[in-house]
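First the structure, in the form of C-alpha cells, and then the observations on it.
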Amino acid sequence: QKEVEQNSGPLSVPEGAIASLNCTYSDRGSQSFFWYRQYSGKSPELIMFIYSNGDKEDGRFTAQLNKASQYVSLLIRDSQPSDSATYLCAVPSGYSTLTFGKGTMLLVSP
Amino acid sequence: SAVISQKPSRDICQRGTSLTIQCQVDSQVTMMFWYRQQPGQSLTLIATANQGSEATYESGFVIDKFPISRPNLTFSTLTVSNMSPEDSSIYLCSAAAGHSYEQYFGPGTRLTVT
C-alpha cells in the first residue's frame, strides 16, 4: 500500500511570503507527483504535476522533486490570502489511480 | 482539462434508502473514478468506473453497497444503497483522459443521512 505523508498544519504565513508545503512518499518507484488545491467546501483542483527530479515552475508555484529522499515540495511565492486552502499531494497507486495525502492547510494572513 | 458536473449537489436522505449520484463529463474520457471525502479528511477512492465492464472496487467497498454504472465514455453513476448515518459524506467524481494520472474533479455531492 503506497503511503503519502503530509503535515496537516495549519501552515500560517504572512501575505507576500513564500509558503513551503512538503510531502513524503513510501514507494521509491513512484514516477509522477501531483499537487491539488482544495478550497473549503469545494472539490480538489489540479494545480501542478512533476515527473522528473528538480524544479518545475508555473507562475507563482514551484514544484520540487527529490526522488533520492522521496519527497516533493510545493513552493508558493508572494503568497496571497486567496491561496488559503488545503493542499493535497498525490502519487500514482495503480492503473491510473492516485493515492492522496491528508493535505496541509495553508493560511495566508493579510 | 475536462469539465465535470454532478447531480445532485446535495441531498438529505433517510436511513435505509438509496441515492444515485450522476456524473457527466463534457468530453470522452477513458477513466472515471468515485471518491468519498469525510469532513476534514482526505480523499478515499471507492472504485474505478470502467466503460463496458464492472467497476473495480477498492478494499473496504463492495458492489452491493456502492453499485456503479458506466454506460458510455462521458457518464457514470454511483448508488449509495441502504444508507446509514455513517454514509454521510461528500462523494466526488473524477475523470482522466487517456491513461493519464491527471484527474479532474466534479463539484461533489454532499450527502447527509438521517
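Just so it is clear, none of the values below were taken in a lab; they were calculated from the coordinates. The shown structure was predicted, so the numbers you read here are calculated from the model rather than taken from an experiment. So basically every Cβ, Gly included, is an ideal-geometry build from the backbone, and we count neighbours across all protein chains shown.
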- Query: Inside the range A:5-62, can you point out the residues that are surrounded by fewer than 17 Cβ atoms within 10 Å (Cβ to Cβ), polar (S, T, N, Q) and part of a loop (DSSP other than H, G, I, E, B)?
  - Reply: A:Asn7, A:Ser8, A:Ser26, A:Gln31, A:Ser40, A:Ser52, A:Asn53
- Query: What residue, among those in the range B:63-74 that are over 11 Å from B:Ile46 (Cβ atoms) and surrounded by fewer than 17 Cβ atoms within 10 Å (Cβ to Cβ), is nearest to the chain's Cα centre (by Cα)?
  - Reply: B:Ser69
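When you look at B:Gln103, is it under 28 Å from A:Asn7 (Cβ atoms), surrounded by fewer than 20 Cβ atoms within 10 Å (Cβ to Cβ) and of a type in the set (S, T, N, Q), yes or no? Don't jump to the end; show me each part of the working.
Values: under 28 Å from A:Asn7 (Cβ atoms): yes; surrounded by fewer than 20 Cβ atoms within 10 Å (Cβ to Cβ): no; of a type in the set (S, T, N, Q): yes.
Against the criterion (under 28 Å from A:Asn7 (Cβ atoms), surrounded by fewer than 20 Cβ atoms within 10 Å (Cβ to Cβ) and of a type in the set (S, T, N, Q)), B:Gln103 does not qualify.
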- strands (runs of 3 or more DSSP E) within the range B:1-86 that include 3 or more residues without any contact (Cβ under 8 Å) to a residue 40 or more places away in the chain and closer than 17 Å to A:Tyr95 by Cβ: B:43-49
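May I ask you to list the residues in the range A:77-93 that are under 21 Å from A:Asn53 (Cα atoms) and either within 14 Å of chain B (Cβ to nearest Cβ) or within 10 Å of the chain's Cα centre (by Cα) (or both)? Even if it seems obvious, please write down each step before you answer.
Step one: filter the range A:77-93 for residues under 21 Å from A:Asn53 (Cα atoms), giving A:77, A:87-93.
Within the range A:77-93, A:Tyr87, A:Leu88, A:Cys89, A:Ala90, A:Val91, A:Pro92, A:Ser93 meet the criteria.
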- Of the residues that sit in the range A:98-110 and are buried (at least 19 other Cβ atoms within 10 Å of the Cβ) and hydroxyl-bearing (Ser, Thr, Tyr), which one is farthest from the other protein chains (Cβ to nearest Cβ)? A:Thr104
